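Taking it in order: structure first as structure tokens, then the write-up.
The values are calculated or read from the model by the stated rules, or taken from the named source; none is laboratory data. Predicted model, so just to flag it, every value in this text is computed and none were measured. Cβ sites come from the backbone with ideal geometry, for glycine too, and all protein chains shown count toward neighbours. Areas reflect the complete protein model, heavy atoms only, side chains present, ligands, DNA and RNA absent. Shrake-Rupley method; radii C 1.70, N 1.55, O 1.52, S 1.80 Å.
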Amino acid sequence: MNREIAKRRYMDVFRPDVMHSSHGDFLATHVPMKKLYVTQQLTDHAEVPEQEKKNPKTEEEVYERFMGEMEEDQFVLVIGDSGAGKSHLIRWIDTVHKMRKSEKEVVLPIRRADNTLKGTIRQLIDLPEVKSLPNKELYKKLLSAATSVPEKELKETIYYQFIIQITNDDGKAGDEESVRRINNVDRKHLIALLQNSLFKDRLMESDGPIDRIYGKFAENKSNEVNDTVAEFKDEDFEIDSEFRNKLLLGADDKARKIADKLIDNNEFVCAVKEYINRFVEKVIQRCAGLEPGDLANVIEEIRRELFRQGKTLTILMEDITSASGVDDSLLDALLTDKIEYPEKQMCRINAIVGATDGYYREKFKTNTKGRIHNFVYVPDDLFGGNKKGLLEFFARYLNTISLDPKDIQQWVDQGKGEMETYPVHVVTIGDGWGEYKLGDKHINLFPFTQNSIMFLYDKQDIAKRNPRSLMRDIIETYVKESIEQLEDFPVHRPTFYPSNPELQNAIYNNINYDDSTKLRLACFMYVWGDGTLQTYEKKGVRYVAGLPENVYKELGLPVIDGNKVVVPTEEPSVPESTGSSSPEGARVPAREKENEQVMIALQEVDKWIDNKDYKLSIGATTKSVKALNNARKNINTFLFNSIDWQSEGVSNNAVQKVKNQDKFLVAFDRQTQKSDSVITLPASIESRGIIEAFVRWSEVGKESWNFNNSTDYLLRVQKWGDSIKPTLVKAILHYDDKKSDYFSFAVAAEFYRLILNGYCKNYQDPHNLSPELLLRKNQAVSGENGHTKSWNDLLRIVNGSDGAEARTCVLQYYNLVQGDVVHSINYEFDALAFNKAVKGVIKTGLHYETVDLQLDDPVKKRRLYSEYLKKIIDRLDIVVNDEKAMLALQLANIEKSVSLDDLESTTDIEDLIDEIGKFYSQAQKSHISIAIHYDLSKINYCKRNVEQIVKAINVAKQVAQTRDTIESLLLLSRDPLVCLKPFVELLNLAAADLEKTNSEVEMRMKTYKTENPDLGDTPYSRQQQIIENCAKTIEEVREHHVVG
Amino acid sequence: MLLDDLSKSIKAMKLLDTRETDRLTAEKRAKNDADFASLVDEFGNSVSVLKEAITMLDYRVSLETVQTMEDCSELLRGVIDDGVAESSKLYDIRQHISKKMLPNLSKEWKSFHQGITGGPLAKLHTLGRLVTDEKGVTEVRERIAAGDNWNNLSMLNENGDSRLIMLKNGLDEIIHMEEGLNLNDNVRAFIDSVTKRNAKVSDITEDIVNWIKKEGLEDRFIVAFRV
């Protein structure tokens, strides 16, 4: 490269619009096109039939075919993707044709210019053939159409032209023979919507439909080739609820209605779009003041004039879209065959017109397509299978930017643009970077090497391997870097798969280089060099990775020591095509196919390392790199699983607590997500190695270490894991420099659970509790009890899931897993450690204040125990006080009937209960109404529990004297109320029934005091007399009046 | 406190019990005595009717019926001997009277009634056609029919006559009715034959024809074929 010239020149040369580059630059950069397809018809998808693809043509062959002497009219459509080289080909034809054409041939090149209709018309009115048109009115019309109008004014005109056209339409968009495309109601609503200022602002936005139409009609504001089609798109009418809400504030009902209809209604959106697009052509014509047939008239006028002069016409139109608005009628004019209109006396026309295949497919009318019988297809991948052509393309551009325009012009003028006289620039930078041999000339390839060209071409998206993209994306990018940022070259670093990790290890493990240097060097040696650690000396110059030492020095890169090898033989000349779709010849190691996810992830990581402001996107959003997100998770899992926590003195339970709350042990520096991780991976090469290992583990090994060179990655990961292990171990057990004590809180809570469930009845002092208590079954007691509501509420809490969780923690914390940490189900219990820890808790007397708890523990699963214990101790005073109050009430009730001094022994109580039993029994016999209260089971219950009642009375007396909450709780856990309450109920009932009984007995006794029963002494004398008389009669009957 | 109160209350209830038990015993005894008296009256009534029937109609009963009456008498005497009318004994006596004694008396009386009333009623049938007092004939027939049920024999009519007396009067009335027709022996024999439906043409003697003409009974007799 000639740096000084290139610095001035490269932007001019790389301008994508080739029609604006100089003729000399065009010739100097032109690489003969060898892969063109010629066909008479395209497939339905506007593709070249496979048969024709078998016979690619060179540009010369195309020229011979279509530009020779001919009598008949001809129309050739040069078709291909945007940037494929259609314009370049037409321009080359123009250049060659001007040199080879006959005198009577008139060539009218209609260049793409700024790719607008006005630009095209301006070209036309500058042509002498048009200036001398006999139809002056037509010429004036063209002049008027080419007049510049202020952008804002013209855009407004375009916008309102649409409203005018739609207002005057009947829904058929001018096509009277078709059915209505939208009904009249929708059409009127659409007009209202277009008149709404909010919607208008939206359509008038930059890159909006009006801007697109303006861009194709009047002015291309960018330096880019404008390949966009002047039309409305679906998204212009896709309305979301947010926009609709804005509309609600001011729009009239009609606009609101159609806005509502457009929400989530793709079919209607499409119908509206297609309807309004039917007016685009008409709107442009109205704005330009042209009639549809004006350009056709111009062509026809020219042809008639040339016919009169005995000349023929060749029109070379680079892009039909540059006539947007009148393209249809223009095509019609170019396809008009003079034989069909002999009366018009038109000259022969040979029209070579360029169009993208998309435009041909979408915008050409069917009948127009049917009239085209000559196609030249310029494929996207013009250099596919043509390494030499690709290198020559690079070499010519690199050479041209380093040549003074005068030298090029001299070559064109004096050397006739012949290869023999092709000028080659003087190298001021980049000597040794490699050369391309063009004929007998050597062109320096700085800032590329052959390897890098092939690599970068291969990396380029297939759809962007056309000349324009290669020039803009690759050549211009690196040329610019080499001129402006040579010290950071290459700034744009493609990802690569280091199939030979030896080199990468040598670079990354070198402690003398900073990370940025490592990344640059690795990329440079793999992409620009041959990707090996081989070194040799040739003609006194040391070569590393196939690149001379001075190349490294030019870039400020260190030169590493490599493995010495013999000097390789002279590089063979660049081979021609091998038939592959990709140019062959790049060395294998650097080009081995990389896994796409690995590539994307590493690209992101490299940006992160290289750019101190770059945030690593690792979330679950679409913008984030999925592989990095996975890598972070996998690093986490790996660390949890690979560290022998028990050996490090960390309970498995403690590890699980941290692991199960999805805590990340490792986060990335400058990651997009907030993290409370233990370790932050710095943006460094070392981190890159770790991340890469896990990305490969996941993406290449499919969650295994079964992939190439996995042992290196595994070793790296293990070493790293060992290095951070102490930090992780500390982090599992600590937070904020405090040792996490959740086990103690779980133990205390579990003791409370046992007390509340009545498992500690035999204890009076919490200091006397024993660790063994915790190891018994101690299931939740769910039966009836005599406790208060607040006691039972707390009991429910401790017997709930929190209690179960705490109990599990108590029982499992000191489990020592036997065998494999992850999968073993065999445990050994570390009783010594357990006892020691529990005794520590017992020593506190279970007295915990809120400040003693770890409510600020960031690990939720650990913090839960503190929160749970707090929940218990917050309720203890209420529970104890409620129970005490209830006991006091019971004692007071007893004393209403019996003095407590009279109930000191079981006999005292037994006697009392027996007497109550007798009382009710007698009441039943005596038919006293209160006998319905006779409940033998209750009396028997009290009798059975006489001892407990005595104890309960004593406990109640004792509790009344106890001030300490925990001690009171222990006493109350004996549940004195459970026996006392029925006893007191019995006493109360008996006392109440006693009164009623006495009253009833008294009432009934009164009756007997007044009664004087008269029972008589001889009640049967009369009957005896009757019987005796009867007996006599019967006897007489027996004697005298018996039958027979 | 409570203990003492309970004891007192229990004592009071026991005293109440005693009083109430006593009263209950007296009431029950009175009721049984009344029942006993009722049974004795019923038995006495049956014996009294029997005695009357024997007297008026020379009624006779079977030995078995006599036995049932004697058994009943013994049962009733047993109560008097006990000095108390126990419910169970009263029940037994009531069963004996209603299931044995009265059914026997009823059955035998029914048979007896048919026996003593069959002839007189047939005669009444024949004589009834010869006398003009048809109402009187009907009354006689009703009186006889009223005495067919033993259990109703002691029932009195509006004149204070028992049904047994009414039966006896009815039978006497038929005899009296025949005597009032002043019939000779031949005529009486002829009427007997007609009543028994075995009178022959040869029995129609001149004497008989004269009696018929004399009494104007030509339309009251017919000649029929022997069936």
Pull out all pairs, ordered by first then second residue, where Cβ-Cβ is under 6 Å, the residues are six or more apart or on different chains, the first lies in the stretch A:496-508 and is under 9 Å from residue A:533 (Cβ atoms), and the second is modelled with pLDDT under 75 and of a type outside the set (Gly, Ala, Ser). A:500/A:589
Which of the following residues is open to solvent by 10 Å² or more (accessible area, probe 1.4 Å) and in contact (Cβ under 8 Å) with a residue 24 or more places away in the chain: A:737, A:712? A:712
Give me a count of the residues in the stretch A:670-696 that are charged (D, E, K, R), over 16 Å from residue A:617 (Cβ atoms) and open to solvent by 20 Å² or more (accessible area, probe 1.4 Å). 2
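When you go through B:81, B:92 one by one, which is the residue that is of a type outside the set (Ser, Thr, Tyr) and in contact with a Leu (Cβ under 9 Å, 6 or more places away or on another chain)?
Details: B:81 fails: in contact with a Leu (Cβ under 9 Å, 6 or more places away or on another chain).
Criteria check complete, one pass: B:92.
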If we keep only residues of the stretch B:52-84 that are among the small types (Gly, Ala, Ser) and facing chain A (nearest Cβ under 8 Å), then the residue surrounded by the fewest Cβ atoms within 10 Å (Cβ to Cβ) is B:83
Would you be able to tell me the number of residues in the stretch A:954-984 that are within 14 Å of chain B (Cβ to nearest Cβ) and not β-branched (Val, Ile, Thr)? 1
Restricting to the stretch A:58-75, and then to whatever is in contact (Cβ under 8 Å) with a residue 40 or more places away in the chain and open to solvent by 30 Å² or more (accessible area, probe 1.4 Å), can you tell me which residue is nearest to the chain's Cα centre (by Cα)? A:73
Please name all residue pairs, on different chains or six or more residues apart, with Cβ atoms under 7 Å, provided the first residue is in the stretch B:33-51 and is facing another protein chain (nearest Cβ under 7 Å) and the second residue is outside any helix (DSSP H, G or I) and open to solvent by 40 Å² or more (accessible area, probe 1.4 Å). B:33/A:1019
Criterion: of a type in the set (Gly, Ala, Ser) and open to solvent by 10 Å² or more (accessible area, probe 1.4 Å) - qualifying residue of A:289, A:325: A:289
Among helices (runs of 4 or more DSSP H) completely within the stretch A:80-179, the ones holding 2 or more residues that are more than 30 Å from residue A:412 (Cβ to Cβ) and in contact (Cβ under 8 Å) with a residue 60 or more places away in the chain are A:117-126, A:136-146, A:151-167
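Okay, residues lined up against (1) touching a Phe, Trp or Tyr at 6+ places or on another chain (Cβ under 7 Å); (2) under 30 Å from residue A:9 (Cβ atoms):
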position: A:441; (1), (2): yes, yes
position: A:450; (1), (2): no, yes
position: A:454; (1), (2): no, yes
position: A:471; (1), (2): yes, yes
position: A:484; (1), (2): no, yes
position: A:490; (1), (2): yes, yes
position: A:493; (1), (2): no, yes
position: A:506; (1), (2): no, no
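This table checks each residue for (1) under 23 Å from residue A:247 (Cα atoms); (2) out of contact with any helix residue (DSSP H, G or I) (no Cβ under 6 Å at 6 or more places or on another chain).
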| site | (1), (2) |
| --- | --- |
| A:111 | no, no |
| A:124 | no, no |
| A:130 | no, no |
| A:133 | no, no |
| A:147 | no, yes |
| A:153 | no, yes |
| A:163 | yes, no |
| A:169 | no, yes |
| A:186 | yes, yes |
Of the residues B:217, B:167, which is within 26 Å of residue B:139 (Cα to Cα) and at pLDDT 85 or above? B:167
Select from the stretch B:12-24 the residues that are open to solvent by 90 Å² or more (accessible area, probe 1.4 Å) and either more than 9 Å from chain A (Cβ to nearest Cβ) or in contact (Cβ under 8 Å) with a residue 24 or more places away in the chain (or both) and list them in ascending order. B:24
Tell me which residues, restricted to the stretch A:298-312, are in contact (Cβ under 8 Å) with a residue 60 or more places away in the chain and surrounded by fewer than 20 Cβ atoms within 10 Å (Cβ to Cβ). A:301, A:310, A:311
Please determine, by comparing only the residues of the stretch B:89-103 that are open to solvent by 70 Å² or more (accessible area, probe 1.4 Å) and either free of Cβ contacts under 8 Å to residues at least 40 places away in the same chain or touching a Cys at 6+ places or on another chain (Cβ under 9 Å) (or both), which one is nearest to the other protein chains (Cβ to nearest Cβ). B:89
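In the stretch A:641-662, what residues are of a type in the set (Gly, Ala, Ser) and assigned to a helix (DSSP H, G or I)?
Going through the stretch A:641-662, the residues of a type in the set (Gly, Ala, Ser) turn out to be A:642, A:647, A:649, A:651, A:654.
Scanning the stretch A:641-662 gives A:642, A:654.
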Could you list, in sequence order, all residues of the stretch A:922-963 that are assigned to a helix (DSSP H, G or I) and β-branched (Val, Ile, Thr)? A:930, A:932, A:939, A:946, A:949, A:950, A:953, A:955, A:959
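Which ones in the stretch A:538-572 are in a strand (DSSP E or B), touching a strand residue (DSSP E or B) at 6+ places or on another chain (Cβ under 7 Å) and not aliphatic (A, V, I, L, M)? Please lay out each step first, then the result.
Initially, the stretch A:538-572 is screened for residues in a strand (DSSP E or B), giving A:538, A:541-544, A:547-548, A:563-564.
From what's left, touching a strand residue (DSSP E or B) at 6+ places or on another chain (Cβ under 7 Å): A:541-544, A:548, A:563-564.
Across the stretch A:538-572, the qualifying residues are A:542, A:543, A:548, A:563, A:564.
Yes or no, residue by residue, for (1) at pLDDT 90 or above; (2) within 11 Å of chain B (Cβ to nearest Cβ):
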| position | (1), (2) |
| --- | --- |
| A:946 | yes, no |
| A:996 | yes, yes |
| A:1018 | no, yes |
| A:1038 | yes, yes |
Can we say residue A:902 is at pLDDT 90 or above and open to solvent by 30 Å² or more (accessible area, probe 1.4 Å)? no
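Residue by residue, here is whether (1) part of a loop (DSSP other than H, G, I, E, B); (2) surrounded by 18 or more Cβ atoms within 10 Å (Cβ to Cβ) holds:
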{"residue": "A:411", "(1), (2)": "no, yes"}
{"residue": "A:470", "(1), (2)": "no, yes"}
{"residue": "A:479", "(1), (2)": "no, yes"}
{"residue": "A:487", "(1), (2)": "no, no"}
{"residue": "A:496", "(1), (2)": "yes, yes"}
{"residue": "A:510", "(1), (2)": "yes, no"}
{"residue": "A:513", "(1), (2)": "yes, yes"}
{"residue": "A:520", "(1), (2)": "no, yes"}
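Can you find a residue that is more than 28 Å from residue A:413 (Cβ to Cβ), at pLDDT 85 or above and polar (S, T, N, Q) anywhere in the stretch A:27-40?
Going through the stretch A:27-40, the residues more than 28 Å from residue A:413 (Cβ to Cβ) turn out to be A:35-40.
If we keep only those that are at pLDDT 85 or above as well, we get A:35-40.
Filter once more, so that each one left must be polar (S, T, N, Q): A:39-40.
Yes, the stretch A:27-40 has at least one match.
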